[in-house]
Amino acid sequence: MLIGVPQEIKIGETRVSMTPSLCRRCVSLGAKVLVQKSAGNSAGFTDAEYRAAGADIANSARRVWREADMILKVKEPLPAEYGLMRNEQTIFTYLHLAAGAELAKVLLKKRILGIAYETVEATGGSYPLLQPMSQIAGRLSIQIGAYRLQSQLGGSGVLLGGIPGTMPGHVVVIGAGNSGAHAVQMAAGMGARVTVLDLDMRKLEALDIDYRGRVVTLMSNPANIENEVADADLLIGAVLIPAAKAPIVVSRKMVKKMRPGSVIVDIAIDQGGCIETIRPTSHSEPTYLEHGVVHYAVPNMPALVGRTSTIGLTQATEPFVALLVQKGIERAIAEHKGLAAGVNTRNGKITCEAVAKALGYA
Ligand SMILES: NC(=O)c1ccc[n+]([C@@H]2O[C@H](COP(=O)([O-])OP(=O)(O)OC[C@H]3O[C@@H](n4cnc5c(N)ncnc54)[C@H](O)[C@@H]3O)[C@@H](O)[C@H]2O)c1
């Protein structure tokens, strides 16, 4: 099998889908690896390191896409890459198709075997390839929010930790999963007042026990959300319904009631966002102001810390990539239920029920 590793082209993206160490593993298992020139540079990996690990280096993305049996990527293919895909090629990457109707059409037309990182399952039903990036996005959301609250950037001028004799900032996190729990950890560590809401009582219980009451946990319902959002200095959207479009949990009316200069970071933007006033932004223009509230909604936040993110992501993908190499794509999918759950498109059809429903194919 020839694995192709193109350079990521999403604005500000710094991650790469394969480290030299993963490359060495794939080569030792019998695969060939073709890495686009400089693909690892922004994550701190040089072409020389990939060569030493057994890869061939390609001068263009075109060559990588043309020769690869399986394209290993980080972000979903962008319009500039649509023409490079070969019919019936396998692409293993984040796809986020519930929020990507146009890409879905291309994958179907080209009969791409699209395996989405975000729906690959581990035993017990967790999402091991989403987890490390969610942890990073959750942790980053607080440092980004703290920065955007600064007066010179149009924020309300609230210091999250406050100082003795002042009120600390109020951080409200909706969703207590991987990203939400890590946002809570950072916010509590900075000395903010933290409230977290979820529908899953077990998650709230775990946080309540961990923080011994220092973090307020609330059931996620419209009344609680309305009260907390109105008082938030920093609001974090961190909900997920696997593979589906994110539910809108914060309405425009609620955003209008927030104090001027407060900040929203909607981590769930890659699934469409969970705040009514949110729309995707990018690393080159990460925020916009609406109803006096700063909105941040970058769908590839982990690119801000390309080195940590690349290592975290590839450690998680490695067992699945190794399986695909060892068994071959068809057998690996047939024998591994968790990997099969990652298959979103195949033979011109959407094979993931939640995605099909979100896009109106079901
Ligand atoms: N923007 C980025 O760069 C970036 C990076 C990584 C992950 N993400 C995204 O962040 C989102 C969250 O991912 P995660 O790994 O934390 O998911 P997760 O499944 O670990 O957690 C999601 C939580 O949302 C809760 N939830 C669902 N509906 C809810 C509701 N109505 N109210 C309150 N809580 C609700 C669930 O019970 C769960 O605890 C996903 O969309 C993921 O793709 C974005």
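Some points to look at:
- These residues, GLU205, GLU228, go from largest to smallest accessible area, 1.4 Å probe, as GLU205, GLU228.
- Only protein heavy atoms count here; under a 1.4 Å probe, ASP210 has an accessible surface of about 110 Å².
- Percent RCO, i.e. relative contact order, over the chain, from Cα pairs under 8 Å lying at least 6 residues apart: 19
- Here ARG346 sits with roughly 60 square angstrom of accessible surface, probe radius 1.4 Å.
- Amide H contacts under 5 Å for MET190, placed H, 5+ residues apart: none
- Per-peptide packing, taken as the mean over residues of other Cβ atoms within 10 Å, places 244-251, 78-85, 215-222, 295-302 in the sequence 295-302, 244-251, 215-222, 78-85 from highest down.
- For segment 208-278 versus segment 81-158, the gap between their alpha-carbon centres in whole angstrom: 19
- Choice from GLU330, GLU121, GLU88 with maximal GNM fluctuation in the chain (Cα, 10 Å cutoff): GLU330
- The chain: antiparallel DSSP beta bridges as a percent of all, rounded to 5: 15
- Under the span-like rule (Cα at least 18 Å along the axis, Kyte-Doolittle mean at least 0.0), DSSP H helices of the chain: 306-327
- If you sort PHE320, PHE92 by accessible surface, 1.4 Å probe, largest first, the order is PHE320, PHE92.
- With a cut-off of 10 Å between beta carbons, the residues surrounding GLY155 carry a summed charge of 0, where Lys and Arg count +1 and Asp and Glu -1.
- 3J(HN,Hα) along segment 350-362: 7, 9, 9, 4, 5, 5, 4, 5, 4, 9, x, 8, 8 Hz, from the Karplus curve 6.51 cos²θ - 1.76 cosθ + 1.60 with θ = phi - 60°, whole Hz, x for Gly and Pro.
- In Hz, Karplus ³J(HN,Hα) per residue of segment 55-72 (6.51, -1.76, 1.60; θ = phi - 60°; x = Gly, Pro): 7, 9, 10, 9, 6, 9, 5, 3, 5, 4, 5, 5, 8, 6, 6, 10, 8, 9
- Once C-alpha pairs closer than 8 Å and six or more residues apart are averaged by separation and normalised to the residue number of segment 131-299, the relative contact order reads 20 percent.
- With a 1.4 Å probe rolled over the protein heavy atoms of all chains, the accessible area of ARG193, ARG202 falls in the order ARG202, ARG193, largest first.
- Restraint check, LYS73/LYS245; LYS109/LYS245; LYS73/LYS337; LYS105/LYS253; LYS10/LYS357; LYS109/LYS327, Cα-Cα greater than 24 Å: LYS105/LYS253; LYS10/LYS357; LYS109/LYS327
- Accessible surface of LYS253, taken over heavy atoms with a 1.4 Å probe and every protein chain present, rounds to 140 Å².
- Shape call, segment 231-294: gyration tensor on alpha carbons, a/c limit 1.5: oblate
- Note on GLN150 and ALA101: the model spin-label points, each 7 Å out from Cα along the C-beta direction, lie 4.0 nm apart.
- Carbon + sulfur, % of accessible area of segment 131-299 - ligands and nucleic acids excluded, 1.4 Å: 54
- Inter-part distance, segment 304-362 to segment 1-61, computed on C-alpha centroids, equals 19 Å.
- GLY155 long-range amide H proximity, modeled H, under 5 Å: GLN150
The values are calculated or read from the model by the stated rules, or taken from the named source; none is laboratory data. For clarity, every value in this text was computed on a predicted model and none was experimentally measured. Glycine also receives a Cβ, built like all others from the backbone with ideal geometry; neighbour counts cover every protein chain displayed. Side chains are part of the model used for accessible areas, which takes the heavy atoms of the whole protein and leaves out ligands, DNA and RNA. Shrake-Rupley method; radii C 1.70, N 1.55, O 1.52, S 1.80 Å.
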